[in-house]
Amino acid sequence: MSEVSDPIFAKIAAQYDRVNRVLSFGQERKWRAFGIRQLSQGSVLDLGCGTGDTDFEGRTVIGIDPVIEMLALSPVVAKAGAVGEALPFRDASFDAVFSAYVFRNLTSVDATLEEMHRVLKPGAAAVVIGLSRPINPVLRFIHRVGTAIVLPLVGLVFARAPKEYWYLHKSLDTLPPPERLFVGRRLDYETHWRNGVFGFVYGVRLRKPE
Ligand SMILES: C[S@@+](CC[C@H](N)C(=O)[O-])C[C@H]1O[C@@H](n2cnc3c(N)ncnc32)[C@H](O)[C@@H]1O
């Protein structure tokens, strides 16, 4: 077990699901469900499971997350404190890996993708859902101004955590867009899609070669 208390996620854990609904106008569950439908049946690793607010539609789920306060709220029975960069599982042990809204928080995307590759069975696929900026420069500018105002404001009103939601605004600029981030990896980049107002929600499907 490698649990920690992250000051940001510890502070917002209790209100996390509610704030997500507000910020996405109730859409984020739909985006996750779309990602889940791209996965095969069987065992699935929920990497960065947080509060466990995902419906895996009958699959056998194991959730990992490093933050105790988030993990404690998850109703999933099989869960462990761990980071994506060092997964406590044997090689080729999962039929699927799912990770929603986690990649901006990782210490190392490279190490996490390597670990996902290691724990997936040959031919199995992972789905990563995340938030990023729109590609169009004008929309990207509007989006940046919008998140600078809306995120801390909603964070203040619904979670009394404006600073933590300001961090979430800043973190949207930490990674390259998914169209660049995931290409040329050991996990084949198969498909991607964008959703949400301005296309700021993305999903990618990555497959481990046979
Ligand atoms: C925005 S929340 C998303 C939670 C959940 N996946 C969801 O869809 O609601 C991000 C989660 O990533 C976790 N996290 C942060 N660093 C991580 C790491 N290195 N490896 C795995 N999870 C991490 C946080 O503790 C937090 O629960």
Task: For Ser40, distant residues with modelled amide H under 5 Å away - done: Ala125
Open item on the list: Could you tell me the ratio Rg/Rh of the stretch 1-85? Both radii from Cα atoms, Rh via Kirkwood.
Closed with: 0.97
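Counting pairs of alpha carbon atoms under 8 Å apart in space and at least six apart in sequence, what relative contact order in percent does the chain give?
Values: 399 pairs, mean separation 42.3, N = 210.
Computed over the chain, the figure is 20 percent.
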- [ ] Would you kindly give the portion of the calculated P(r) for the chain that falls above 22 Å, as a percent of all Cα pairs?
- [x] 47 percent
Task: Fraction of antiparallel bridges per DSSP, the chain only, in percent to nearest 5 - done: 45 percent
Task: Hits among lysines - C-alpha to C-alpha of Lys11 under 26 Å, sequence gap 8 or more where chains match - done: Lys30, Lys79, Lys163, Lys170
TODO: Using only Cα positions of the stretch 106-193, each an equal point scatterer, no hydration layer, compute I(q)/I(0) via Debye at q = 0.26 Å⁻¹ and quote the log10 values to two decimals.
DONE: -1.26
Open item on the list: Can you work out the Karplus-derived ³J(HN,Hα) for every residue in the stretch 170-180? Use 6.51 cos²θ - 1.76 cosθ + 1.60 with θ = phi - 60°, whole Hz, and x for glycine or proline.
Closed with: 5, 5, 5, 9, 7, 10, x, x, x, 4, 9
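Counting only other residues whose beta carbon sits under 12 Å from that of Arg104, what net charge do I get with K and R as +1, D and E as -1?
Cβ neighbours under 12 Å give a net charge of +1.
None of the figures in this text is laboratory data; all of them are computed from the coordinates on show. All of these numbers come straight from a predicted model, not from anything done at the bench. All Cβ positions, even for glycine, are placed from backbone atoms using ideal geometry, and neighbour counts span all protein chains on display.
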